[in-house]
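Here's the structure we're looking at; comments come further down.
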Amino acid sequence: MAATPPVCDFGWKAPSFELPATDGRTYSLTDIAGPKGTLIMFICNHCPYVVAVRDRILRDARDLAALGIGVAAISANDTEAYPQDSFEKMTELAEKENFPFPYLFDEDQSVARAYDAVCTPDFFGFNAALELQYRGRLDASRKQSGPPDLRRDLYEAMRQVAETGKGPEDQIPSMGCSIKWKAA
């Protein structure tokens, strides 16, 4: 089922975390943070919205890193219900696609809850002070990738954050599959 996150809560502080990554390391928020800002993405392996734009996510992550933006992706889906999102499958995908950022596993879903993540993909763009400045879409793609010349909303917003510390006033929310929460 498609889900849409709320609009950006400008200035909201990034919750800290410490999560295992597919590269065998454990990362904290401070390990990820870049000198010009930080992008935390909630994604997963199987979501058609993520699969449709994975190549663009990888492209934008590389381009943002060059601007001093630290980037990480977090998968928080219930892996019992969705085994294709297991840590083992995450590791395989990150290696196969040569992810240019840490791919973190939020097994107990506490980080996704702290961030109030809603869907995959859900993008959280912070300035250098780890204050939220962007919570919007990657681009106008949905379940299928749009034309290659689409405006790069996420990239442009985070470039602005890197240059000014502030995100754009007008943001279009991301859309994707709802986070697959574990039964309570």
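Okay, here's what the table says:
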read-out: Looking only at segment 54-78, and only at residues there that are part of a helix (DSSP H, G or I) and open to solvent by 20 Å² or more (accessible area, probe 1.4 Å), the one that is nearest to Asp116 (Cα to Cα); value: Arg54
read-out: Filter result for the condition that a residue is crowded, with 23+ Cβ neighbours inside 10 Å, assigned to a loop (DSSP other than H, G, I, E, B) and in contact (Cβ under 8 Å) with a residue 24 or more places away in the chain, over Ala81, Ala117; value: Ala117
read-out: Ser145 being touching a strand residue (DSSP E or B) at 6+ places or on another chain (Cβ under 7 Å), surrounded by 16 or more Cβ atoms within 10 Å (Cβ to Cβ), on the phi < 0 side of the Ramachandran plot and assigned to a loop (DSSP other than H, G, I, E, B); value: no
read-out: Residues located in segment 163-178, provided they are under 13 Å from Leu132 (Cα atoms), out of contact with any helix residue (DSSP H, G or I) (no Cβ under 8 Å at 6 or more places or on another chain) and surrounded by 14 or more Cβ atoms within 10 Å (Cβ to Cβ); value: Gly165
read-out: Enumeration of residues in segment 120-142 that are over 15 Å from the mean Cα position of the chain (by Cα) and in a strand (DSSP E or B); value: Glu131
read-out: Failed item in (1) open to solvent by less than 20 Å² (accessible area, probe 1.4 Å); (2) in contact with a helix residue (DSSP H, G or I) (Cβ under 7 Å, 6 or more places away or on another chain), with Pro15 passing the rest; value: (1)
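The values are calculated or read from the model by the stated rules, or taken from the named source; none is laboratory data. Everything quoted here is computed from the prediction, not taken from an experiment. Reconstructed Cβ throughout: ideal geometry from the backbone, glycine too, with neighbour counts over all protein chains shown. Surface areas here come from the heavy atoms of the whole protein model, side chains and all, with no ligands, DNA or RNA. Shrake-Rupley method; radii C 1.70, N 1.55, O 1.52, S 1.80 Å.
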